[in-house]
1. Could you work out what % of the accessible surface of the chain is carbon and sulfur, using a 1.4 angstrom probe and leaving DNA, RNA and ligands out of the count?
2. Relative to the longest principal axis of the C-alpha atoms of the chain, give the angle of the C-alpha long axis of helix 30-50, reported between 0 and 90° and rounded to the nearest 10°.
3. For a protection proxy built on the mean count of beta-carbon atoms within 10 angstrom, sort 69-78, 13-22 highest first, please.
4. How large is the accessible surface per residue of the chain, computed with a 1.4 Å probe and reported in Å² as a whole number?
5. Could you list, by residue number, the cysteines of the chain that have no other cysteine's beta carbon within less than 4.7 Å of their beta carbon?
6. Sort SER29, SER49 by heavy-atom solvent-accessible area, probe 1.4 angstrom, most to least.
Amino acid sequence: MKLQQTRKLLLALLIVLALSLLLAALLGSLLLGLLAVALLLAFIACAFSRWRCPHCGEFLGWNLGKGIPFCPYCHQRLDKE
């Protein structure tokens with residue numbers, strides 16, 4: 001999976017997580033709260049396994065909102081996969 005696709009997946013997971021937390025709080029639903037916990041765990045697992053430099057394999061940190069042009073470890077361009 002390419003880095004841009006991973007970024008979109010992680011942002012989508014965050015949006016669904018936020019919505020499920022909001023609905024769980026508003027409705028007082030335990031099921032939606034458990035869904036939010038499962039989504040949080042899925043986000044963390046996906047981030048640590050896929051949000052990595054395609055050149056050196058190091059974790060890129062939590063910079064999801066804006067694209068980072070270079071790997072902070074190997075300094076290779078990330079937009080040229």
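The values are calculated or read from the model by the stated rules, or taken from the named source; none is laboratory data. Small disclaimer: the values here were computed from a predicted structure and weren't measured. Cβ: placed from backbone, ideal geometry, glycine included. Neighbour counts: every protein chain shown. Remember, those area values only see protein heavy atoms, side chains included, never the ligands or the DNA or RNA. Shrake-Rupley method; radii C 1.70, N 1.55, O 1.52, S 1.80 Å.
1. 68
2. 10
3. Final packing ranking: 13-22, 69-78.
4. Ligands and nucleic acids excluded, the result is 67 Å² per residue.
5. CYS46
6. Listed by decreasing accessible area, they come as SER49, SER29.
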